[in-house]
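The numbers here are math on the coordinates, done by the rules we state, and not lab data. Nothing here was measured: the structure is a model prediction, and the numbers come from that model. Virtual Cβ from ideal backbone geometry, glycine too; neighbours counted across all protein chains shown.
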Amino acid sequence: MSEAIKLLIVDDEIKYLESIAKRLEIRGLEVTKATNGQEAVALARSRKFDLALLDLKMPGMNGRQVLEILKKEHKFIEVIILTGHGSLESAVECTKLGAFGYLPKPYELEQLLDILKDAYQARLRNKFEADREKTDRILQLATGSSALGILRELRRLDDEEK
């Protein structure tokens, strides 16, 4: 079982995608690459990712659209938007849709690593808080419900994870 942070990188600029993926793999991240939004969504539906780096401007499904789908379908994924065509309006819009961060290109690798670290810490905090709330709910059930009631609630809680 891999202990590496699982990162999805989506960018239609292949040379950039290959370059940044190599630089992040060298630093121990488990990187999966996609060259368009549709491929990214398909990958995210078949695997679990901790973080995603999305190029904002791509032909077809753009980064904002991918962001919306990822945040809707994956409760704890943190998304960072990368763009060479950024604006205050798009940064605000992406943040409202749940993006953890918005990083204009070009950027320094250390800047990217810092935001990835912060995003992963936020993901862990959110996941641990949700797990704690789930555990508290199970403990409440165990002291005041029938065995069948407990099983129904455990099933409901399990379904929420999917």
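Summary of values
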| read-out | value |
| --- | --- |
| Every pair of residues 6+ apart whose Cβ atoms lie under 7 Å, when the first sits in the range 7-34 and is closer than 18 Å to Gly63 by Cα and in contact (Cβ under 8 Å) with a residue 12 or more places away in the chain while the second is among the acidic types (Asp, Glu) and surrounded by 18 or more Cβ atoms within 10 Å (Cβ to Cβ) | Leu7/Asp50; Val10/Asp55; Asp11/Asp55; Asp12/Asp55; Leu17/Asp11 |
| Near pairs, Cβ below 7 angstrom, 6+ apart or cross-chain, from the range 125-139 (over 19 Å from Leu154 (Cβ atoms)) to any residue that is of a type outside the set (D, E, K, R) and surrounded by 11 or more Cβ atoms within 10 Å (Cβ to Cβ) | Asn126/Phe76 |
| Qualifying residue in the range 17-24 (condition: part of a loop (DSSP other than H, G, I, E, B) and under 30 Å from Ala130 (Cα atoms)) | no |
| Pair list, Cβ < 8 Å and 6+ apart or interchain, from the range 96-121 residues that are in contact (Cβ under 8 Å) with a residue 24 or more places away in the chain to residues that are aromatic (Phe, Trp, Tyr) | Ile115/Phe100; Ala119/Phe100 |
| Residues satisfying the stated conditions in the range 42-68, i.e. surrounded by fewer than 16 Cβ atoms within 10 Å (Cβ to Cβ) and either without any contact (Cβ under 8 Å) to a residue 24 or more places away in the chain or hydrophobic (A, V, I, L, M, F, W, C) (or both) | Ala42, Ser46 |
